[in-house]
Amino acid sequence: MAERRGEYAGSLLRDKLTIRAAAALCAAALILAGCAGSPAKAASDGRAPGGVEAAAPADEALPREGGGKERAAAAAPSPATAPSPAPAPAPKGEAKLAAGTRDAAAGAAAEPEYLAAEAAPGAAAPRKSGASLGGAAATAQSGLKAGFADDNEQFNYFVKFLDQYKDVPHAELAIGERILVKLADAEGKPVVDAAIRVEGGGKVLARGRSYADGSFALYPLEYGAPKLQSYRVVAQGPWGERSLEVERGGLRQLTLSLPGRRPLPAPLPVDLLFILDTTGSMGEEIERLRATIEIINANVSSLKPKPALRYGLVLYRDVEDEYRAEAVPFTADLEEFQAALDRVDAGGGGDTPEDLQAALDLAVRGMKWNSGGIRLGFIVTDAPPHLDYGQDYDYAAAARGAKAAGIKLYSIGTGGLPLEGEYPLRQISQYSQGKYIFLTYGEAGEAAGGKEGSVSHHTGTNFTTDKLEAVVIRFVKEEIAQQSDRPLEYDESYYAARKVVDESREDTLGKLFAQALQGLSDYSTYRLTPETRLAVMPLSLAEGAPAGMAAQAEYLGAQLALAASGSKLFTMVERKDLQKILAELELQLSGLADEGAAAKVGRLLGAEVLVSGEVFRKGDTYEVFLKLLRVETAEVLSANKARIGADLGL
């Protein structure tokens, strides 16, 4: 997901982000950090060529047919077919596209507890490769940030990423086709840790457990039954068994409703496992975890519902080292866990890759995880895995095993991690519903990784940045909050454009809608290719809008269609017979705001997907809500919002 830094006029949210990020620096030591960044790099300009600033992701819920909510997932453009270099500063006076930002990017609506910490640990020694570190505390390093990419949200982008870099050595996880089922109780709340099986053709095709948000993903390409076109998903728990019929060509997201209220143990079992590369270059990461585990514990243990926390370790190196992989069992005793951390040092690791696969085998199959709760693992490494040891249980098998056991694996790529490390880490995290975390100084776009002390490799611009400890704590809080009555909330984000002197309004709007279309594509829950046939519907007026706005909606819709016609993301379908089709269906343009009606029009136009939207007027701003629809199912695949200065209209 995307946050790329750059100035834009009147951004109070940006100011709030800066203030709270500074507070976080003073509040707590960074955990798991791979290098020390400079303030200058942290404040680097993130504007794209031509003055376009990338948008942060939108988290506003848009109404859907049937009373549901569709998450609005706007994002900056990502290199879907080729990586982009870090963008240059915009020439003065050119058009600006901006975005509202998350509330401090840590995500919680309320002030996070960790910002209230009074004292940071003491100073740390400079990083030395191969050093065996003692127990001295580590302090926060100015400018160091972590970013994360949610490859389940930006699913279509991730599929393109895998295809683009398919020559990178890797194990296969066939995720190109995905259907997401979410379990909900009678009150619509997610059900965690339900036993799930997928049946088809008289066989059990997959087994697993639901995650904290109630989700379980089906991957038809993984089942070895290409001719099967329907599946039966069965959820088992205190309610007995409930099932859902799933059509392979149907909706990409479905809900399996369960009777009664969800079972919720008190306290809620929560296991946190750190899977640590302990080779010589990882000394600082080990030291930072040692120094800040109390901060993690203080933030997480006070949440509601109250968690029963346990901590565990899997340590790994390589075949020629003192050990390949060894475990520290889960314990609820923080002091016992700290004592185990104190005995960990960094050493060995002669070649670049390490034996991550042995560690994952131990983590998934060798640890005694809790029953009935939340299970989270954090892989921390600066090296790719060895794929040449002939292990039967490779990282793909471990990802499948984690999904079957309801273990969510986050991966943290620390300083110097190359693309050969990013690729498998992102596979593991996406398949197990986790996220890929990397170190960044605040730059945007492609980061090559490389030498020790650099940022770790990350491809694309769809990411959010914040202090590393805030990112890690955020993920644990998100999981636990799914089982509360008050899930975490985020500030809305959006694309925005304003008129400037040196650029025509058509050029500005073209850039705005190009980014909006890229965001719709990246965050699509359905795989899209350049051959996918797209129709762009005329923008309709929101209910109650003055009649005089019709011309504005028509103009903005024309600019959207023009941007789509120049896009390489889709193949545009002409809509020359649109008025005739509307007449045949007895529809007005306003009726296109309805997903079902728009899908009918799309079918007659020969489109596979279509973009529709509504225009609102708020003060001196037009707001355009855009949705990407799949014609076959009338399903909203993604959505986002743009705010346009009124002086960019007619």
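The values are calculated or read from the model by the stated rules, or taken from the named source; none is laboratory data. Fair warning: this is a prediction, and the values are worked out from it, not measured in the lab. Every residue, glycine as well, gets a Cβ built from its backbone with ideal geometry; the counts of neighbours run over all protein chains shown. What goes into the accessible areas is simple: the full protein's heavy atoms, side chains included, and nothing from ligands, DNA or RNA. Shrake-Rupley method; radii C 1.70, N 1.55, O 1.52, S 1.80 Å.
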* Given a 1.4 Å probe and the protein chains all in place, what does the accessible area of GLU326 round to, in Å² to the nearest 10? -> 80
* Sites matching chymotrypsin sites (Phe, Trp or Tyr not before Pro) across the range 277-363 that sit in DSSP coil, with at most 15 neighbouring C-beta atoms within 10 Å -> TYR323
* Structure fact -> Expected unfolding gain across GLU247-GLU574 under the 0.36 nm per residue rule, minus the alpha-carbon gap, is 114.7 nm
* When all alpha-carbon pairs of the range 293-397 are counted, what percent fall beyond 24 Å? -> 31
* Kirkwood-Stokes translational diffusion coefficient of the range 141-208, alpha-carbon pairs, 25 °C, 0.890 mPa s, µm²/s -> 153
* **Cα→Cβ-extended label distance, 7 Å offset, between ARG527 and GLU335, nm** => 5.5
* PHE475 accessible area, nearest 10 Å², 1.4 Å probe? -> 0
* Structure fact -> Once ASP163, ASP271 are ranked on solvent-accessible area with the largest value leading and a 1.4 Å probe, the list reads ASP163, ASP271
* Restraint check, LYS160/LYS408; LYS304/LYS435; LYS499/LYS627; LYS182/LYS203; LYS403/LYS435; LYS160/LYS435, Cα-Cα greater than 19 Å -> LYS160/LYS408; LYS304/LYS435; LYS499/LYS627; LYS182/LYS203
* To do: Select from LEU272, GLY283, GLY348 the residue farthest towards the positive end of the dipole of the range 258-399; place +1 on Cβ of Lys and Arg, -1 on Cβ of Asp and Glu, and compute about the Cα centre.
  => LEU272
* Structure fact -> On the accessible surface of the range 210-329, probed at 1.4 Å with all protein chains in place, carbon and sulfur together account for a percent value of 51
* Structure fact -> If each K or R counts +1 and each D or E counts -1, the residues other than ILE179 whose Cβ falls under 13 Å of its Cβ total +2
* Determine the share of the range 330-395's accessible area contributed by carbon and sulfur atoms, expressed in whole percent, with a 1.4 angstrom probe. => 43
